[in-house]
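Trainee: I'd like to ask some things about the structure below.
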């Protein structure tokens, strides 16, 4: 299987007032092109820290991260991050303006070509009727769809998604999960997705890396035979397998029902 991303024995530590803090330790995994790969674990296990290192925002204290065989040393347009916050858009630009902007800046497209390409990705996320709307006129879920459209338009090698639906209400989160599966079917983009919800991980991920409580280490990588399925026998079996690995028997319900 060809590899797109390789994380090799990565440890990430940084200084704090009380001394050196190690967020993740000796973590290794790889992601194939077109794969939906999940980082799952409790708060403080280093999920977001790993994603930021893949993005190039953090430098590993030990080990290396490679994309297409080249070491990642800084952020780049081949990796686009989608955060959970809703303020990722430029408030003075319309939906179309937000999607067009990086096409003109990063891909140096002419106005007409950028507009045509931007409209294509806005249609992909189902927001063509809102292309002339401004961010303050959109719901949280719609803003996230615009952020995804803008990220896809840049044509990165990977989408890095840091709990992008965590701040949404339960119904919107459910809908956005289904939307993401549809967007992936249309784009086949490689996705690295961080979540603490077992249900979300099983619905979205081809493989699920389970991190131990911090410092995060690889507990197991689960091949998910229930990807795209929700609340059936196979998905419940995988959820229970993961719950056992995480020993989350007493974890409170998250607001979308994930555990």
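Residues are listed down the side, and each one gets a yes or a no for (1) buried (at least 18 other Cβ atoms within 10 Å of the Cβ); (2) over 20 Å from residue 76 (Cβ atoms); (3) at pLDDT 90 or above; (4) more than 14 Å from the chain's Cα centre (by Cα):
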site: 100; (1), (2), (3), (4): yes, yes, yes, yes
site: 104; (1), (2), (3), (4): no, no, no, yes
site: 127; (1), (2), (3), (4): yes, yes, yes, yes
site: 138; (1), (2), (3), (4): yes, yes, yes, yes
site: 143; (1), (2), (3), (4): yes, yes, yes, yes
site: 158; (1), (2), (3), (4): yes, no, yes, no
site: 174; (1), (2), (3), (4): yes, yes, yes, yes
site: 178; (1), (2), (3), (4): no, yes, yes, yes
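Trainee: Within the range 47-144, considering only helices (runs of 4 or more DSSP H) that don't extend past its boundaries, which have at least 2 residues that are in the same structural domain as residue 221 (by TED's automatic domain parsing), out of contact with any helix residue (DSSP H, G or I) (no Cβ under 7 Å at 6 or more places or on another chain) and within 25 Å of residue 212 (Cα to Cα)?
Mentor: 47-55
Trainee: While we're on this one: If you check residue 165 against the conditions, is it in the same structural domain as residue 30 (by TED's automatic domain parsing), modelled with pLDDT under 95, in contact with a helix residue (DSSP H, G or I) (Cβ under 6 Å, 6 or more places away or on another chain) and under 25 Å from residue 97 (Cβ atoms)? Give the derivation first.
Mentor: Numbers: in the same structural domain as residue 30 (by TED's automatic domain parsing): yes; modelled with pLDDT under 95: yes; in contact with a helix residue (DSSP H, G or I) (Cβ under 6 Å, 6 or more places away or on another chain): yes; under 25 Å from residue 97 (Cβ atoms): yes.
Against the criterion (in the same structural domain as residue 30 (by TED's automatic domain parsing), modelled with pLDDT under 95, in contact with a helix residue (DSSP H, G or I) (Cβ under 6 Å, 6 or more places away or on another chain) and under 25 Å from residue 97 (Cβ atoms)), residue 165 qualifies.
Trainee: With the checklist (1) without any contact (Cβ under 8 Å) to a residue 12 or more places away in the chain; (2) assigned to a loop (DSSP other than H, G, I, E, B) in hand, flag the one item residue 33 doesn't pass.
Mentor: Answer for residue 33: the failing condition is (1).
Trainee: Just to be sure before I move on: is residue 195 in contact with a helix residue (DSSP H, G or I) (Cβ under 7 Å, 6 or more places away or on another chain) and surrounded by fewer than 22 Cβ atoms within 10 Å (Cβ to Cβ) in the structure I sent? Let's see the steps before the verdict.
Mentor: Working: in contact with a helix residue (DSSP H, G or I) (Cβ under 7 Å, 6 or more places away or on another chain): yes; surrounded by fewer than 22 Cβ atoms within 10 Å (Cβ to Cβ): no.
For residue 195, the condition - in contact with a helix residue (DSSP H, G or I) (Cβ under 7 Å, 6 or more places away or on another chain) and surrounded by fewer than 22 Cβ atoms within 10 Å (Cβ to Cβ) - is not met.
Trainee: On to the next question. Tell me which residues, restricted to the range 162-194, are on the phi < 0 side of the Ramachandran plot and touching a strand residue (DSSP E or B) at 6+ places or on another chain (Cβ under 6 Å). Spell out how you get there, then give the answer.
Mentor: Going through the range 162-194, the residues on the phi < 0 side of the Ramachandran plot turn out to be 162, 164-187, 189-194.
Scanning the range 162-194 gives 162, 164, 189, 190, 191, 192, 193, 194.
Trainee: Just a yes or no: is a residue in the range 50-59 surrounded by fewer than 20 Cβ atoms within 10 Å (Cβ to Cβ) and more than 18 Å from the chain's Cα centre (by Cα)?
Mentor: Yes: one or more hits.
The values are calculated or read from the model by the stated rules, or taken from the named source; none is laboratory data. The shown structure was predicted, so the numbers you read here are calculated from the model rather than taken from an experiment. In this analysis, Cβ positions are derived from the backbone assuming ideal geometry, glycine residues included, and neighbour counts consider all displayed protein chains.
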